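Participant: Would you mind keeping the following structure in view while I ask a few things?
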Amino acid sequence: MNGRPSQWRANLVSLQTIAYKETNRFLRIWQQTLLPPAITMTLYLVIFGNLIGSRIGEMQGYSYIEFIVPGVIMTAVITSSYANVVSSFFGAKFQRFIEEILVSPTSNLVVLLGYLAGGVGRGLLVGVIVLAISQLFTDLQIHNLAITVSVVVLTAVLFSLGGFINAIFARKFDDISIVPTFILTPLTYLGGVFYSIDLLPAFWQKVSLANPILYMVNAFRYGILGHSDIDIGVAYAVILLFIALLGGLALLLLRAGVGLRS
Amino acid sequence: MSALLLDKLCKRYDNGVEALKGIDLEVQPGDFFGLLGPNGAGKSTAIGIIASLVRKTSGRVEIFGHDLDTRLWEAKSCLGLVPQEFNFNGFETVEQIVVNQAGFYGLPRKIARQRAERYLKALSLWDKRQHASRTLSGGMKRRLMIARALIHEPKLLILDEPTAGVDIELRRSMWDFLRDINASGTTIILTTHYLEEAETLCRNIAIIDDGRIIENTSVKSLLRKLSTHAFLLDIKGGSKIPPLPAHRVERLDDNTLDVEITAEQNLTEVFAALAQAGIQVLSMKNKANRLEELFIRMLEKGSPQQQEQQP
């Protein structure tokens, strides 16, 4: 290749290219990627937060709508970051234009980071949109900005990784909706979005602790409200542990060429 | 240093199919090389392995001296691939596809845009640069894949059936373009089903069949092996074809005669016999593409090595 850049520099440019391509993709089809979560979460806030919430009263010393806003934002971030990577990477695989990247010298780590950039970007943008909408219903003051931002970014990274692994194993379009429908959605709803686990009987409180989404929702709620059912240190440890596990698995799968190279 | 070196390359798929049975191949820098073979012979598998899209079972691949196992980044940087199937995002524009591909090879966007302009103009796609790729015609899509493969200016360009489904005029303009690319120093490996294409473009050829290389030589020496020539004669007059026991002669219809002669024979005695029978020869043409004829014979006979292995 004429005027060949160094390996490090080439990978950096490739990362920028994939990230740009992925961001451009979800912005181009904003009616499918940004609008639906905004509408769904607005309905949650109107129905659960405003209409029903006004009859529920306080939860852990906060009005019900204040209590659920962090969880609702987190739900939008989780589903959006997962959906972005799983649909984009599987689409590239299915239509075979992933081969554009596979034949190039782009490293596996860069491929992964590039797709994560798209997932995290969409997750955060949706999160900001839902946060802005929630301001119409309640006046939120962020308790700790660093915790709020770090938890939402780490969560978006984690679920982007999940979407990436799902896309690697997926062989048909049905396969990319099974995990969100049967695993992600139930875990999110049972992850303390709409309630405090203190309300649960002791046994179900312990069962809830096995749900990783509980840690993310509570850590994020701590960042915004200053209240969490879970120790914040434990929440960070759980999130980072899952990121390390899923990140390692995704790189191993890429290296082995699972679902990509025959 | 070879442009491409395949050493005992084997591929066995998970379903047990042995697509490559230990092929050895060497392509010299600057060559225009043809890789021929029937469907399912193993051509696309070999190309897939070279392009890192298929995992080899065993053997070694080197691209310009860079081993695919140990110097992957360098090896891939030297390679451009035009695959058989369209494999770009139909929603992206022509320019986006080419510029993004440059990015995957580490080229900054400014340089990528300059090169995109050069190659899209050279391949008559510049006017379509803002069009979504899915709206292009089949021939344009093929040219887009060539532009995309050239954007990082690879030293080795592999084209897998690049002119499949392309009309004759466009095919010839693509041949001219590929000749120019080759003349500028890019080594080209081409697989094609159009043997006229291989005969016209390639200097050296390997024929692969059933996962083995059965011939690997220059086009000239390959054609020298052709011991017979077949001609179609357009004839007029005479009611009966005279006997020509030394030649294979077949009357296809009232006005067409199919004549085959060996390298030791000539057409003079055929013309003389026909003239004596009152038959005029109005015109004459080669019956078939010579390489095609040889190709079919080779596949029917198998390689010398294969014949030796047979009990």
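Participant: Looking at A:G61, A:I101, A:Y115, which one has the Cα that reaches farthest to the positive end of the dipole of the range A:55-124 (charges on Cβ: Lys, Arg +1; Asp, Glu -1)?
Facilitator: Of the listed residues, the answer is A:I101.
Participant: Still on this structure, please answer the following. At a Förster distance of 35 Å, what's the computed FRET efficiency of B:L72 paired with A:T40, Cβ-Cβ distance as r, to 0.05?
Facilitator: Once the sixth-power term is evaluated, E becomes 0.20.
Participant: So what is the relative contact order for chain A, in percent, with contacts set as C-alpha pairs under 8 Å and at least six apart?
Facilitator: The value is 25 percent.
Participant: Moving to a separate point now. Within 10 Å, count the other beta carbons around each residue, average over each peptide in B:17-25, B:164-172, A:114-122, and list them highest first.
Facilitator: A:114-122, B:17-25, B:164-172
Participant: So what J values fall out for the range A:9-25 if you push phi through Karplus, 6.51 cos²θ - 1.76 cosθ + 1.60 with θ = phi - 60°, rounded to Hz, Gly and Pro as x?
Facilitator: Couplings: 5, 4, 5, 5, 5, 5, 4, 4, 5, 5, 4, 5, 4, 5, 5, 4, 4 Hz.
Participant: Report the charge-dipole magnitude of the protein assembly as shown in Debye, nearest 20, computed about the Cα centre from +1 at each Lys and Arg Cβ and -1 at each Asp and Glu Cβ.
Facilitator: Taking the Cα centre of the protein assembly as shown as origin, the dipole is about 760 debye.
Participant: Kindly flag which residue pairs out of A:K172/B:K21; B:K56/B:K121; B:K56/B:K128; A:K93/B:K76; A:K21/B:K110; A:K21/A:K172 have an alpha-carbon separation exceeding 28 Å in this structure.
Facilitator: A:K172/B:K21; B:K56/B:K121; B:K56/B:K128
Participant: Still on this structure: Find which of B:A275, B:Q130, B:F231 sits farthest along the positive direction of the dipole of chain B, computed with +1 on the beta-carbon of Lys and Arg, -1 on that of Asp and Glu, about the Cα centre.
Facilitator: Farthest towards the positive pole: B:Q130.
Participant: From the C-alpha gyration tensor of the protein assembly as shown, pull out the three semi-axes of the equivalent ellipsoid (sqrt of 5λ each), sorted largest to smallest, in whole Å.
Facilitator: Working from the Cα gyration tensor, I get semi-axes of 65, 23, 21 Å.
Participant: Along the three principal axes, how long is the range B:12-168 when you take its alpha carbons, biggest first, rounded to the nearest angstrom?
Facilitator: Dimensions of the range B:12-168 along the principal axes of its Cα atoms: 46, 33, 30 Å.
Participant: Further question: What's the magnitude of the charge dipole for the range B:61-205 around its Cα centre, counting Lys and Arg as +1 and Asp and Glu as -1 at the beta-carbon? Answer in Debye, nearest 20.
Facilitator: For this selection, approximately 680 debye.
Participant: Taking each residue of B:71-78 in turn, how many C-beta atoms of other protein chains fall within 10 Å of its C-beta, and what is the average?
Facilitator: That works out to 4 on average.
Participant: To the nearest 0.05, how large is the calculated FRET efficiency for A:I47 and B:D167 if R₀ is 60 Å and r is the Cβ-Cβ distance?
Facilitator: Using R0 = 60 Å, I get an efficiency of 0.50.
Participant: Compute for the range A:41-133: radius of gyration divided by Kirkwood radius, i.e. Rg/Rh, restricted to C-alpha atoms, rounded to two decimals.
Facilitator: 1.21
Participant: Run the numbers for B:A272 and B:Y13: contour at 0.36 nm per residue of separation, minus the present Cα-Cα distance, in nm.
Facilitator: Gain on extension, B:A272 to B:Y13, equals 87.3 nm.
Participant: Let me ask something additional. In vacuo Debye scattering of chain A, one point per C-alpha: log10 I(q)/I(0) at q = 0.10 Å⁻¹?
Facilitator: -0.51
Participant: What is the distance, in nm, between label points placed 7 Å from the Cα along the Cα-to-Cβ direction at B:D180 and at B:T262?
Facilitator: Computed distance between label sites B:D180 and B:T262 equals 4.8 nm.
Participant: Moving on. What FRET efficiency do you get for B:E250 and B:Q280 if R0 is 25 Å and r is their Cβ-Cβ distance, rounded to the nearest 0.05?
Facilitator: 0.85
Participant: Find the eigenvalues of the gyration tensor of the Cα atoms of chain B, then list the square roots of 5 times those eigenvalues as equivalent ellipsoid semi-axes, largest first, in whole angstrom.
Facilitator: Each semi-axis is √(5λ); the values are 43, 26, 15 Å.
Taken together, the values in this text are just the output of simple stated rules run on the coordinates, not laboratory data. Just so it is clear, the structure is predicted and the values come from calculations on it, not from any experiment. Virtual Cβ from ideal backbone geometry, glycine too; neighbours counted across all protein chains shown.
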